[in-house]
Amino acid sequence: MLQLTDVNVHYGGIHAVKGVTMHVSPGSIVTLIGANGAGKSTILRAVSGLVRQCTGSIAFLGRPILGLRPHDIVKRGLTMSPEGRRIFPNLTVKENLALGSYSRTDRAGVADDEERVFRLFPRLKERISQPGGTLSGGEQQMLAVARALMSRPKLLMLDEPSLGLAPVLTQEIFEIITTIRNEGTTILLIEQNAFGALSIADYGYVLENGRIALEGPGKELLGSQAVQGAYLGARVGVV
Amino acid sequence: MTWAVFAQNIVNGISLGSLYALVAIGYTMVYGILRLINFAHSDVFMLGAYMLFYIDFMFRLPWWLTFVLAAVLTGVLGITIERVAYRPLRQAPRISSLISAIGISFFIQNLGLVVFGGRPKPFPVPQFFSQSYMVGSVYMANISWVVPVFSGLLMLGLTMLVYRTKVGLAMRAISHDMDTSSLMSVNVDGIIAITFGVGSALAAAGGIMWALKYPQINPLMGTVPGIKAFIAAVLGGIGSIPGAMIGGMLLGMLEIMLVALMPTLSGFRDAFAYLVLIVILLARPTGLLGREFREKV
């Protein structure tokens, strides 16, 4: 579904991503884990068209998307929910969601999807006319995911959805991600919470200093000595 | 001062204020989205008036149609300015766009001097606007109610555009976070172009109505009203559209009232506007309705 081949990104004079090759197959949850600054976000920003200084090839549904502008990439069914939620604090929950479905013209479909995200995130419905900035951290994260879903993506990329959330909420977010996948949306998930991400992922990539250091099925990586030592450490059993 | 004279001054204040407001909206919209003071805006105001002058001169169309054409063409011009002078600098440090804006402003003024000539041209004012009546004991020309009413309608239309349509939603989103807006499939360049088009068309309307009030146009006519409108935008809180409207009305009213109450100071009315700017910047830099913009890292 999504294929990155030998992708290199130079970002502010730094060679941030070095020859990354990755594959996301339809209907799966694929996760990309790694330490802070390993280049995870840069990869997603390159895929979504926000970073232009990028070489190699990125193909979505068999067609190259490298060099397209971000809004055109979204129209092809590839949506990213950026790191740090980035909801619009001055706009209401409803308006935030309306932006998610901005380029869609099928009103009935949009209404269906609005119902769907309210089913996934009932709290958002209660807050529908509140400005996004007044929501709690957890609610803002829910809004960010809901907003991305409003574009009805074929592939949803989530950049650190558990960032700054309490363990209970983190658990909830991971469950919802699984539900979204089960309802037919492929997921590419970036996480620092390696344990949580690998637990739900079908396949995982471990990024180290801009290179893929390790890859394999989620459960396998979860059991691997190298991953446990480097990324899980004390987190095992905590989440 | 008699009540009649007072009422007369109120009318004048509203009239002047609504023109400042129309132009201030263009400054504030561009600032809200690009954090750029569009210095060329005052020259777009001038071009609006010349546009009407030449369309009227060449085609002799019905006046309303001439007006619409002039506003639309000036809007297109505004879009062109953005395309040529600002978009290529979108990723550059903000100071580059600012310098580019100053350059474009000088360029348009001097091009105007060459193409239109430096000698002021008499602006065609249809009979209707200069007709006047006595309302009670107040002397009133049609122009003095047309300007505020029409400006009001334009501002109402703009408010609807910004707060009730998809394009307006995108404008408000972009003004907060351009990257995330593009991830929501908003065509950021397209929306910025629309913003410049709308702002410039409003400036053209302002320039034309200004010329109806003071029917002599010259290539530098935009400078002073442009700066006043900019002050109005800062006064209201730059980046805020309601702020620009309130700031414009307030500045227009203050200016007229200063002259009315202290006729000896009438030579200082421009200086007074700058004084307002200095006071606002010292006392409340965010303006009346402005909010603190946190700079993004």
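Miscellaneous remarks
- To the nearest ten degrees, helix A:137-149 and the longest principal axis of the Cα atoms of chain A are 90 degrees apart.
- The stretch B:148-198-the stretch A:123-152 distance, computed between alpha-carbon centres (Å): 22
- The stretch B:97-244: C-alpha gyration tensor shape, a/c 1.5 cut-off, then a/b vs b/c: oblate
- FRET efficiency estimate (nearest 0.05) - Cβ-Cβ, A:GLN53 to A:VAL168, R0 45 angstrom: 0.65
- Shielding by partners for peptide A:85-91, expressed as the average number of C-beta atoms from other protein chains within 10 Å of each residue's C-beta, is 5.
- Peptide A:43-53 is shielded by partner chain Cβ atoms: per residue, an average of 1 of them sit within 10 Å of its Cβ.
- Using alpha-carbon coordinates, inclination of helix B:166-176 to the longest axis of chain B, degrees: 70
- Prolate/oblate/rounded call for the stretch A:1-84, Cα gyration tensor, a/c under 1.5 rounded: rounded
- Sites listed here are trypsin sites (Lys or Arg not before Pro) in the stretch B:55-95 whose DSSP assignment is loop and whose Cβ has at most 16 other Cβ atoms within 10 Å: B:ARG60, B:ARG90.
- Taken about its Cα centre, the stretch A:86-152 carries a charge dipole of roughly 80 debye when the Cβ of each Lys and Arg holds +1 and the Cβ of each Asp and Glu holds -1.
- Positive-pole candidate from A:GLY19, A:LEU165, A:VAL30, dipole of chain A, charges at beta carbon: A:GLY19
- Rel. contact order, % - alpha carbon contacts under 8 angstrom, at least six apart, chain A: 27
- When +1 charges are put on Lys and Arg Cβ atoms and -1 charges on Asp and Glu Cβ atoms, the dipole computed for the protein assembly as shown relative to its Cα centre reaches about 660 debye.
- When you count the other C-beta atoms within 10 angstrom of each residue and take the mean per peptide, B:19-30, B:236-247, A:83-94, B:37-48 line up highest first as B:19-30, B:37-48, B:236-247, A:83-94.
- Shielding score for B:172-180, defined as the mean number of other chain Cβ atoms within 10 Å: 5
- Basic side chains Lys and Arg get +1 at the Cβ, acidic Asp and Glu get -1 at the Cβ, and with that the dipole of the stretch B:3-283 about its Cα centre reaches some 160 debye.
- Rounded, prolate or oblate (a/c below 1.5 giving rounded, otherwise prolate when a/b exceeds b/c) for the stretch A:40-126 by Cα gyration tensor: prolate
- Only helices enter the 222 nm calculation for the protein assembly as shown: every DSSP H run of n ≥ 4 contributes -39,500 (n - 2.57), and dividing by all residues gives -18000 deg cm²/dmol, rounded to 500.
- Spin-label pair B:ALA283/A:ASP6, simplified geometry with 7 Å Cα→Cβ offset, distance in nm: 6.7
- Cα coordinate range in the protein assembly as shown, projected on the principal axes (Å, largest first): 91, 47, 46
- Selection of GluC sites (Glu not before Pro), the stretch A:163-226, meeting DSSP coil and at most 14 other Cβ within 10 Å: A:GLU183
- Spatially, the stretch B:67-109 and the stretch A:6-57 are offset by 36 Å when compared through their Cα centroids.
The numbers here are math on the coordinates, done by the rules we state, and not lab data. All figures in this text were calculated on a predicted structure; none of them were measured in a lab. Every residue, glycine as well, gets a Cβ built from its backbone with ideal geometry; the counts of neighbours run over all protein chains shown.
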